[in-house]
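Colleague: Have a look at this one before I ask anything.
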Amino acid sequence: MHLITQEAMQLYVEKLADKGIIAFHVSNRYLKLQPFLAKVADSTSPRLVARHWDDTQAEPSTGKSASQWVILARSRADSGLLASDLRWEELRPDPNIPLWTDDFSNLLSALEW
């Protein structure tokens, strides 16, 4: 969880190339991290655009499992072709989700009940 705090995200943005994206593989049976990434993206300066994809297509014969992804970019245009791909939905911050920082995070709040 220390990788998706406000301070960590600010560091990533400082290192991010022009028109670059930050990708997070967030597949997890027990934790739902997408809302926390949306919140931190919204609090980052500059505000980041967040998109997610729930790839439900498992292909056991090739070893491919279903997966969940979140990408963050400085603008919709920086998301490139993913911005127009209907599988990638925009993530909007939930005002009821707490912002994770270096001083506060609550992993229990991410549990998928």
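Colleague: So which aspartates and glutamates can residue 39 reach, going by Cα to Cα under 12 Å and dropping same-chain residues fewer than 8 places off?
Modeller: Hits, sequence-local ones excluded: 94.
Colleague: Which order, highest average first, do 42-49, 26-33, 80-87, 58-65 follow once you tally other Cβ atoms within 10 Å for each residue and take the mean per peptide? The partial results should precede the final answer.
Modeller: Working: 42-49: 15.9, 26-33: 13.6, 80-87: 11.5, 58-65: 8.8.
Packing order, densest peptide first, comes out as 42-49, 26-33, 80-87, 58-65.
Colleague: Neighbouring Cβ atoms within 10 Å as the yardstick, rank 69, 100 fewest first.
Modeller: Working: 69 18, 100 27.
So the residues, fewest neighbours to most, are 69, 100.
Colleague: Relative contact order of the chain, please, whole-number percent, based on alpha carbon pairs below 8 angstrom and at least 6 residues apart. Numbers along the way, then the final one.
Modeller: Values: 184 pairs, mean separation 42.0, N = 113.
Over the chain, the number comes to 37 percent.
Colleague: With runs of 4+ DSSP H residues as the only contributors, calculate the mean residue ellipticity of the chain at 222 nm using -39,500 (n - 2.57) per run, divided by the residue total and rounded to the nearest 500.
Modeller: Numbers: 2 runs with 20 residues, N = 113.
Helix-only estimate at 222 nm: -5000 deg cm²/dmol.
Colleague: Using r as the Cβ-Cβ distance of residue 113 and residue 54, and R0 as 22 Å, what FRET efficiency do you calculate, to the nearest 0.05? Don't jump to the answer; show the numbers that get you there.
Modeller: Working: r = 18 Å, r/R0 = 0.82.
With a Förster radius of 22 Å, E is 0.75.
Colleague: Using the Kirkwood radius over Cα pairs, work out the Stokes-Einstein diffusion coefficient for region 51-94 at 37 °C and 0.692 mPa s, in µm²/s as a whole number. All intermediate terms of the calculation are to be shown ahead of the outcome.
Modeller: On the way: Rh = 11.7 Å.
Answer from the Stokes-Einstein relation: 282 µm²/s.
Since every read-out is calculated from the coordinates, none of them should be taken as a lab result. No experiment lies behind these values; they were computed from the predicted model shown. We place every Cβ from the backbone using ideal geometry, glycine too, and count neighbours over all the protein chains shown.
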